Amino acid sequence: MTHAKAGAIRASITASGTASPTGSGAASRALSGAWLGLICALAIAWPAAAAADPVTVRVIDIAGGAVYLSPGRAAGIIPGTRVRLRGAEATVVEVTEKTAMVRLAGDRVAIGDSGTADVTPGAAPAARPLPRPRPPEAFVGQWSDPVLPASQQQVVPAPLGAAAAGRARIAVIGHGYGAIDRAHREGDAETRVIASFDVVAGRPFAADLDVAGRWFSSGFDRRTHTPLVVRAAQLRYGSADDPRLAVGRLRFAATSVGMLDGGRASARIGALEVAAFGGLVPDPLSGKPDTAVSRFGTELSYDAPDAAWQPRISVAAHGSTWNGRLDERRLSIAASGDRDALRLDGWAEIEAFAADNPWGARGVELTGAGATAQWRRHGAHAGLDVTFLRPERSLRLAAALPPEWLCTLVPAAPSTETCASTWWGAATASAGLGNARWAVDGGATLGDSHGEYRALSAGQASFASWTAAEIDAAYAPSRTVDLALGYRPELLDHVAGTGPELLHTVLADARLALSAALDLAVSASGTTGRDRDTLALLITFAWRPSP
């Protein structure tokens, strides 16, 4: 045995503890063991390498050195996942459910670039459940009982003083008028202050005032006009949806009833309103209180602003007394409605007369009626107005005015006259076009007045008829100036005249908006005809300051 073989035997004995023979059989067994170990190592490592699947990622945003990718945790990307973008490798630093962030120079990639991420299924950290919440019993006794501040404060009352008045709304309107013709001249002027203010703030308690100072140069009733007239001086309480009460001088007792020194009470239920009023009627010329005339009545109104036609209908039954005698007995109706570009208005008044009335009136007569239809759209408009009227007739007016102002005097005997009913009617049609800078309007009017009387035979007489047309043109050179010029020819035919008379009238208007609160208007008209030459000038202003 050689020394080499002896050493090999010793090494083999040392490694295994037993003698291992050498030779070709032993070498074969040693080689087989080495291959078996290599195969086992590859079998262990292969599943881990095969589980790393590439996931396509896309750059959705870049901020400094942070590059944001999509998708995120939902695709299996976790912190530490390696990502390859345009040949550069980076490691995911932060993730959300839909995004991931890596640190990479922003100039190396661009938004929209695609890359891959090596994602290992199941590599995401397992979700750890949150600890169970503590039961409410665990907090018993943790907080002390609250102490209300009011239980430890000494409240000292402080006087607030009188309630402050609410806001006031005021408007000042005035005009000056003058006219001159061949025979005489006349003029008048008026300045009117209209104010409304809350008496107590936060309460539906308000006051209204309407006072005018005026001057008249001449006229039949010049001396009866006072330089100061009060059209309204009232206190009112209540909101629009609650019962309301107004006392004092009312500007309108009802929709179709004028001034009244008295009171009005109303209540509203849904779209219906019921009102009652009563009091004294002031003198119509001077405005002074007059105890000889009283007026009373009731009104029923229907107002539905949310309906398709937004209808408003008012029916008032009212009467009056004069020196203790029952005088007027009237039923007044007013209605209006509008929808889109169309608006309709109408009114009527029916009056009952005593059998022995001095005007020859029937027991019940239609004393007035009218209807208006208007259409407006995109600067174009058209309208039609029809009116029928009879003179106002009452014992009060008969005591103040000549008989011919109330009816037509008809000869009944050589030295006596009787009163016959009189009426007049008119129809006006108008149309026009315009925009923000200019407008052209035109209109035509037909009118007729009649006196009716019955003697030995029935008949009807026409006292006058008129036919007129009017055309107007308006122009607004700026937002604060409006100018208008019109021409009106009128054919007037009196029964007592020798033939129809043609009148020519020229009208000129200018309106100026001097400020947001002050407006000024000047109107001039000139009329010429066979028996008249008249020039008139009207100046008006309106000042409405903000509350």
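Just so it is clear, none of the values below were taken in a lab; they were calculated from the coordinates. Keep in mind the model is a prediction, meaning the values are calculated, not measured. All Cβ positions, even for glycine, are placed from backbone atoms using ideal geometry, and neighbour counts span all protein chains on display.
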Self-check item: Cut-off 13 Å between beta-carbons: net charge of the residues surrounding Ala110, Lys and Arg +1, Asp and Glu -1
Solution: 0
Practice problem: Report the local net charge at Asp340: Lys and Arg +1, Asp and Glu -1, summed over other residues whose C-beta lies under 11 Å from its C-beta. | Solution: +3
Quiz prompt | For the stretch 275-281, Karplus couplings with θ = phi - 60° (6.51, -1.76, 1.60), whole Hz, Gly/Pro x | solution = 9, 9, 8, x, x, 9, 9
Quiz item: So which trypsin sites (Lys or Arg not before Pro) in the stretch 220-286 pass both tests, a DSSP loop state and at most 14 other Cβ atoms within 10 Å of the Cβ?
Solution: Arg222, Arg223
Quiz item: Tally Lys/Arg at +1 and Asp/Glu at -1 over every other residue whose Cβ is under 14 Å from the Cβ of Asp242; what's the total?
Solution: +2
Quiz prompt | Within the stretch 67-153, chymotrypsin sites (Phe, Trp or Tyr not before Pro) in DSSP loop having at most 14 other beta-carbon neighbours inside 10 Å | solution = Trp143
Quiz prompt | Inter-site label distance for Leu285 and Ile173 at 7 Å from Cα along Cβ, in nm | solution = 2.4 nm
Quiz prompt | Where labels lie 7 Å past Cα in the beta-carbon direction, separation of Arg132 and His378 in nm | solution = 7.6 nm
Quiz item: For the pair Leu535 and Ala355, how long in nm is the line joining their label points, each one 7 Å along Cα→Cβ?
Solution: 6.0 nm
